[in-house]
Structure formats: structure tokens, C-alpha cells
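Structure, as C-alpha cells:
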Amino acid sequence: MTYNIHNLTRSVDEVVIVGGGLAGLFCALKLAPRPVTLIAAAPLGQGASSAWAQGGIAAAVAEGDGPEAHAADTIAVGGGIVDEAIALGIAREAGSRIHDLLAYGVPFDRDLEGRLAVGREAAHSARRIVHVRGDAAGAAIIAALSEAARRTPSIRLIEGFVAEALLTEDGAVTGLQLREAGSCAAMPIMIASRAVVLATGGIGHLYAVTTNPAQASGSGLAIAARAGAVIADTEFVQFHPTAIMVGRDPAPLATEALRGEGATLINGNGERFMAAQHPLAELAPRDIVARGVFAEIAAGRGAFLDARQALGMHFAEKFPTVHASCIAAGIDPAIEAIPIAPAVHYHMGGIAVDARGRSSIDGLWAGGEVASTGAHGANRLASNSLLEAVVYAARIADDIAGHTMPSPSRLPEALLTPRGGAPDAAAVKRLRTMMSANVGVIRDGDGLAEAVRSMAALEHSANSVAVRNMATAALLVATAAWSRRESRGAHFRSDHPADVPALAQRTMTTLAAARAIADGLADPSTPRLAQSMIA
């Protein structure tokens, strides 16, 4: 049921979940019948990256496949820093979580014998991607879970509000500061809680070209960091190699499953170019394919996804979502190649959490893309994100269920002074342009240093809390990328193109450490702390 936020202003909620995507919804449902307040920035079904996921969920449910093989594939593409125990644990829980989703009404595709139909995607050694109508898994899953949440009495739904600050006392969560979405002039609203789950999504809209909805602006990462949480692996930003370039923001996505079905990548001369880059050609890990596509565009040859021979007139039937995006842009993918470019798609970094989803702040859990579990390492394996989201959502619910949360003795006071006026659109545009140009597919030290200085200045001068949170999240990404002087997974530096074995470790940092790096870069005479964040 949807509630008015003002009816809850003075309430004390045992559990507050921020985020109406897959992780937030699944956690709320798993906590039932325990009372939960679910805060969503947009109406359920909108504003969540998981709703836009085309590929599906990776799960070793087919005959001849197994969790060990799935985990091995995850580790192989993770750039040497995957937490192997976490990867195996997630793979082993996949079957149970798929059955949970089926019970909530998700209509996964089945074969003629009634078994779950599975497809193959890049860097998987087997067909293990569970789909819905070919390329509509995310939308179908979110629709089913949204309906289930609305009919669950224990879930109080507050739509149209964003969390702009996490409130703490003595190192523990006491509540959240909320504000009506899109209304920076409105007064903030306090909500008290000793148990907060952040499931706010990723950072796609910190970049000018992304496949993510506008709500994926790094807000959860920023508010946790400002409250003192340990942050992990923020330099590892995955660029999907085949965003459809038709002038839309966000850019529509051409799912990787197209290449799994035989579609190829060609340049403007009609030449395939990935075979020279990797033995798996179009099915190479995403970071390699993204750099291959980027290189063709940078060389002026352009890049295109060609499904004419592989799918032809069956394109609309097998991939209706992609087909609709192409037709809307005046492209018939059955007879034309699709113009593509890399776009920010997923963030491997986020709030550092343990195997139960606990952050470094007492009473704060995180799940989904805002969290960094160690499962993805430096480069996420295709379709592992939705699986990780449901696995961790269930783990968080189990962990919370085993705890009795003390009620806050009083409602917390506002942490941030309200700032009037709408976010500065020009400042947001500059931020997104800077991140794409300097913290993008290919990076170098000078460009990263410029980005760090720019984000630090904007964080200090931002005219609204929303812009300040974007700048904070961007600063965390840029400083980690500047500090890692090597190339690993999705993080590629042209001035340090090789990996350094001694740096095969995850990054653990804080906002204070990021600001210290920014201060050092602001004064050229200050000694640089190149590897201080890698631990």
C-alpha cells in the first residue's frame, strides 16, 4: 500500500529500505511479515536499472552445468580480484532464488519440455542465462515483484522521495533525511530507523552516455560515504559495448544476448574487428569488447552491431525490446546494421559489504548495484548483477530477521541545511561531460587528476544537495581511478596499460581519503599518494 510520507514523519520504523528496484523489492518481500517502509524515488516499475535489464539472470540450472563452473567463469573475467568464496556462494544460491522469483510470478521462458530455457552470453562457458521473452527479463521481474509488494500488508510504500543524507550517532544509523524527488526547495523530512537498507542503484548518470535511468546518480554511494562508510572498488566502471547511438539519454541497449545468438560487430567498412582483439571475438569479456568498439569509433570508422545474417526477419520475435528501440529511431535491424558505442552500464564498486550485506556502519546494509560484495572483481560477468541482487537481498533479510533493533530515543535532526532552487543543469552537464571524457573507457593520469580537481570543487560549491551527492560519488570514482596506476578489468589507463601483479587487490577507501587525494592534487608541491587507497 502507498502511504503519505507526512503520516510517517514522526514514526519510528524498524526497517527502512531505500530503492524500488530488484534488491529493494526482493528484500522487502523476504522480510514479510516484518514491517518495512520502502522508499522509492519514482513509482514502482520506473527509475530502476534492473527494470531495464535485457539479458536475464545467470543461474547454473541446466543439465551439465553447475555452480562451480559458474563461479569459475565469474572469477576468470574479474581481473584477479574476485572474492572466490563470495562468487561460489552466490552461484550456489542461484537455483533457490530463481524458484523464489517463479513463486512471485516471474514468467521465465521455458523450452518445449517445460524446463527453464537458458541462453548464453559473453564469457560464460555454458548456456545459463534465464530470460523472459528473449530480452524483457528486467521489466518482467520488476513488474511481478512490484505487484507482490503492493499486495503485501507489511510493506509501506513511499513513492517520489529520495534519501539525501544518512543520519548516524556514535557510529550507528539513526535515520534518514528525505526530500521530495525533483523538489530541492522543499524542506527535508526526517525518518528515524536503526535498520536501513540502501538499494539505490548505480552511478550511470554521472556520465554523459549511459544505459541507466536518471535515478542512477550515485546518491546511495554518496550518502553512505559522507556518513563514514568504507567504500570499495569505485574505479571499476563497466561500459556496455553496444549501446544504440540514436541521440537518446539514456541510450537504449542492444543486449549481449544478440551476440550470443550470432550477431557480429563490424566497422563502417563492413569489417569484423573483434577477432583480432580476443579469441572469443564478439563474446570476449565486456571490457575488451568495449575498448574494441571505442577504438573503431576513435579511428573514425564507426562501430555497428550486425544481426542481419544471425537473426534477420526473426529479430522482432526474439528481441522485441531492442527491435522496438531500433524502429523508433528509424532503423530496421533485420536489414540494417545498428550504430553502437560503449556506455556506462554497471558499477562494480560501491559500499563495501560483507557476506551478509552489512556495511562498516552499524545498522546499515546495502544490496544491489550500490553495494560492492567482491563478487564481480574488476569486471562483471554478464547477467550476474540481477543474481547478486536477489542473493544479497535475501541474505540481508535473513540477517535483519535475526536482530532486535533498538528504537531511536528521539527523531534525528536535519543533517544538511536545505538549499533552495533546482539543481544547476549546467553544472550537472559539466560533471557528466568531464566524467565521460576523463574517467571513461580509456583513462590517463592527467585527465584523471583534472577530474579529481573538478569534482572536489563542485562538491564544495554545489547549489543543491542532489548536485553535491553527484559530485561526491564522482570524486570517489575519479580518485580511485587516479590511485590505481595499472590497467585491470574495466579500468584501463593508457599511461599504465599493463596490470601490476602486486596490485591484484581490491580498493578500500573512505570519503576522507578521497578528499585528501584531491587536496594533494590541488597543490602540485604536495606528495602524491598513488597507491594509498589500494589495500
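Any read-out appearing in this document is the output of simple, stated calculations on the displayed coordinates, not a laboratory observation. Since this is a predicted model, take the numbers as computed values, not measurements. All Cβ positions, even for glycine, are placed from backbone atoms using ideal geometry, and neighbour counts span all protein chains on display.
Once you keep just the Cα pairs under 8 angstrom separated by 6 or more residues, what percentage relative contact order results for the chain?
20 percent
What ³J(HN,Hα) values, in whole Hz, does the Karplus curve 6.51 cos²θ - 1.76 cosθ + 1.60 give for the stretch 123-132 when θ = phi - 60°, with x put for Gly and Pro?
With the stated coefficients, the stretch 123-132 comes to 6, 8, 8, 8, 7, 9, 9, 8, 10, 10 Hz.
If R0 is 56 Å, what FRET efficiency do you get for Ile442 and Leu112 from their C-beta distance, rounded to 0.05?
Working: r = 46 Å, r/R0 = 0.81.
The pair Ile442/Leu112 has a calculated efficiency of 0.80.
Please give, to one decimal in nm, the separation of the simple spin-label points placed at His403 and Met187, each 7 Å out from Cα toward the Cβ.
According to this spin-label approximation, the distance is 3.1 nm.
Would you work out the relative contact order for the stretch 282-364, in percent, from Cα pairs under 8 angstrom that are 6 or more residues apart?
28 percent
Of the peptides 135-142, 302-309, how do they stack up when ordered by the mean number of other Cβ atoms within 10 Å, highest first?
Descending packing order for the listed peptides: 135-142, 302-309.
Please give the peptides 63-75, 508-520 ranked by average Cβ packing (other Cβ atoms within 10 Å per residue), highest first, as a rough proxy for protection.
Descending packing order for the listed peptides: 508-520, 63-75.
For the chain, what Kirkwood radius comes out of the mean inverse Cα-Cα distance, in Å?
Value: 23.1 Å, from the Cα pair sum.
Where does each of 95-102, 219-226 land if you order them by average Cβ count within 10 Å, highest first?
So the order, starting with the most tightly packed, is 219-226, 95-102.
Would you tally the net charge around Ala263, using a Cβ to Cβ cut-off of less than 9 Å, leaving Ala263 out, and scoring K and R as +1, D and E as -1?
-1
Just the projected area, averaged over all directions, of the convex hull on the alpha carbon atoms of the stretch 425-522: how many nm²?
Orientation-averaged projected area of the Cα hull: 6.1 nm².
Take the eigenvalues of the Cα gyration tensor for the stretch 141-279, scale each by 5, and report the square roots as semi-axes in whole Å, largest first.
Equivalent ellipsoid of the stretch 141-279: 38, 19, 15 Å, largest first.
What whole-number distance in Å separates the alpha-carbon centres of the stretch 363-395 and the stretch 144-166?
About 20 Å separates the Cα centre of the stretch 363-395 from the one of the stretch 144-166.
Non-local amide H neighbours of Ala504 (under 5 Å, H modeled in plane, Pro and chain starts lacking H): which ones?
none
Only helices at least 15 Å long along their own axis, judged from Cα atoms, and with Kyte-Doolittle mean hydropathy of 0.5 or greater: name those in the chain from DSSP H.
137-150, 286-298, 384-401, 465-483, 511-522
For the stretch 240-342, would you read off the P(r) tail past 20 Å as a percentage of all alpha carbon pairs? List each step's numbers first, then the result.
Values: 1567 of 5253 pairs.
When every Cα pair of the stretch 240-342 is considered, 30 percent fall beyond 20 Å.
Leu253's amide H: which non-local residues (gap 5+, or another chain) put their own amide H closer than 5 Å, with H modeled 1.01 Å from N in plane and none for Pro or chain starts?
When sequence neighbours closer than 5 places are left aside, the close amide H contacts are Ile244.
Just to check I understand the Karplus step: with θ = phi - 60° and J = 6.51 cos²θ - 1.76 cosθ + 1.60, what whole-Hz values come out for the stretch 340-346, glycine and proline as x?
These are the phi-based 3J(HN,Hα) values: 9, 7, x, 9, 4, 10, 7 Hz.
So how far apart, in nm, are the two label points at Arg430 and Arg92 if each is 7 Å from Cα heading toward Cβ?
The two pseudo-label positions are separated by 5.2 nm.
For a quick check: with amide H placed at 1.01 Å from N, whose amide H comes under 5 Å from Leu38's, ignoring anything fewer than 5 positions away on the same chain?
Ile17, Arg156, Leu157, Ile158
Enumerate the calculated ³J(HN,Hα) couplings along the stretch 55-65 in order (Karplus 6.51 cos²θ - 1.76 cosθ + 1.60, θ = phi - 60°), each rounded to whole Hz, writing x wherever the residue is Gly or Pro.
x, x, 10, 7, 7, 7, 10, 8, 4, x, 9
As a check on your grasp of the helix formula, calculate [θ] at 222 nm for the chain: sum -39500 (n - 2.57) over DSSP H runs of n ≥ 4, divide by the residue count, round to the nearest 500.
Helix contribution divided over all residues of the chain: -10000 deg cm²/dmol.
Roughly what % of DSSP beta bridges within the stretch 5-154 run antiparallel, to the nearest 5?
Given both bridge residues lie in the stretch 5-154, the antiparallel proportion sits at roughly 60 percent.
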